[in-house]
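I have placed the structure first, in the form of structure tokens, so that the comments after it can refer back to it.
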Amino acid sequence: MHALKTCVLLALVASAALADGGIFSDKDVVFLGEQHDNAQHHRRQAELVGQIAPKALVFEMLTPAQAARITPDLLGEESALDSALGWNDSGWPDFALYYPIFAAAPKADYFGAALPRDEAQKVVSDGVLAVFGPDAPEYGLGTALPEDQQTAREALQMAAHCDMMPEEMLPTMVDIQRMRDALLARAAAQALDETGGPVVVITGNGHARLDWGAPALLDLARPGLRIAALGQGEESFGAPDGGFDAVEVSADVERGDPCAAFHTDTTKTDGAGD
């Protein structure tokens, strides 16, 4: 991929600076990161999708089976699309946050990259290579991470699970996170092959990071593609880690105690830095 760029900190500049003649112009694949429950991040994604006019959209939140249910008629009806996707049962934030992104690309093809829970469980028993498939090495799976990166990623997983994850599970959690990155990269490659692009990927900041996220794995599998990534942060936390072509910072979201659910064992997580 292009050399990892110095993060450009933007304060919600006009979208033309990114999409219309800007750094997202003429790209094959654009990753638009988010903090999942931040409404401003999703409004920004919808705005940029409207500017980029992608031929295909890849969603971290959808499985391939869910994405296959999307039809042009459903895209015009928020409640019908919500129901068809079974979004309310998925554990993701309210569909109303995401619907404007769908509405901004009524003619695009849709692809899902989510790892179903039963497949994630198979990773524990069978390993990433068996679950991902024969092209796993193309996306860097099965190759040991540098020791410092493995340590950093295990620390992120522990923090994401409020320091309640058994240490012996951390390597597996990192493997699952790497697999999610690879699934996004593979779905983006498929979308590009089938539509010719451009392709926009909607995903969490942790997957959109240029250093070790899905863009890096896509570049590994498909060297020479023109790839760009946006990270979206919040005022209290600043820019997300990992390097992006551009970063925008919006107002915070009031969340309460993010670890309360872990203590009551009532929530799921999909990995650090989604």
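Let's see how each residue does on (1) exposed (fewer than 14 other Cβ atoms within 10 Å of the Cβ); (2) small (Gly, Ala, Ser):
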residue: SER79; (1), (2): yes, yes
residue: GLY91; (1), (2): yes, yes
residue: TYR98; (1), (2): no, no
residue: PHE102; (1), (2): no, no
residue: ALA152; (1), (2): no, yes
| remark: Screening TYR110, TYR98 for residues that are of a type in the set (Ser, Thr, Tyr), touching a Leu at 6+ places or on another chain (Cβ under 6 Å) and under 20 Å from VAL199 (Cβ atoms) leaves only TYR110
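Conditions (1) part of a helix (DSSP H, G or I); (2) over 20 Å from VAL199 (Cβ atoms); (3) touching a Phe, Trp or Tyr at 6+ places or on another chain (Cβ under 9 Å); (4) small (Gly, Ala, Ser), marked per residue:
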residue: GLN51; (1), (2), (3), (4): yes, no, yes, no
residue: LEU57; (1), (2), (3), (4): no, no, yes, no
residue: MET61; (1), (2), (3), (4): no, no, yes, no
residue: GLN66; (1), (2), (3), (4): yes, no, yes, no
residue: ILE70; (1), (2), (3), (4): no, no, yes, no
residue: ASP73; (1), (2), (3), (4): yes, yes, no, no
residue: ALA80; (1), (2), (3), (4): yes, yes, no, yes
residue: PRO93; (1), (2), (3), (4): no, yes, no, no
| message | Based on this model, can you work out whether GLY22 counts as loosely packed, with under 15 Cβ neighbours inside 10 Å and part of a loop (DSSP other than H, G, I, E, B)? | response | no
| Inside the range 185-206, can you point out the residues that are farther than 21 Å from PRO100 by Cα and assigned to a helix (DSSP H, G or I)? | ALA185, ARG186, ALA187, ALA189, GLN190, LEU192, ASP193, GLU194, THR195, GLY206
| said: Only one of ASP148, ASP181 is over 24 Å from ARG69 (Cβ atoms), in contact (Cβ under 8 Å) with a residue 24 or more places away in the chain, in a helix (DSSP H, G or I) and of a type in the set (Asp, Glu). Can you tell me which? | reply: ASP181
| request: Determine which member of the set ASP181, ASP175 is closer than 18 Å to GLU154 by Cα, in contact with a Gly (Cβ under 7 Å, 6 or more places away or on another chain) and among the acidic types (Asp, Glu). | output: ASP181
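Read-outs throughout are calculated quantities, based only on the coordinates presented, and are distinct from any laboratory measurement. Since this is a predicted model, take the numbers as computed values, not measurements. When we count neighbours, we look across all protein chains shown, and the Cβ atoms used for this are built from the backbone with ideal geometry, even at glycine.
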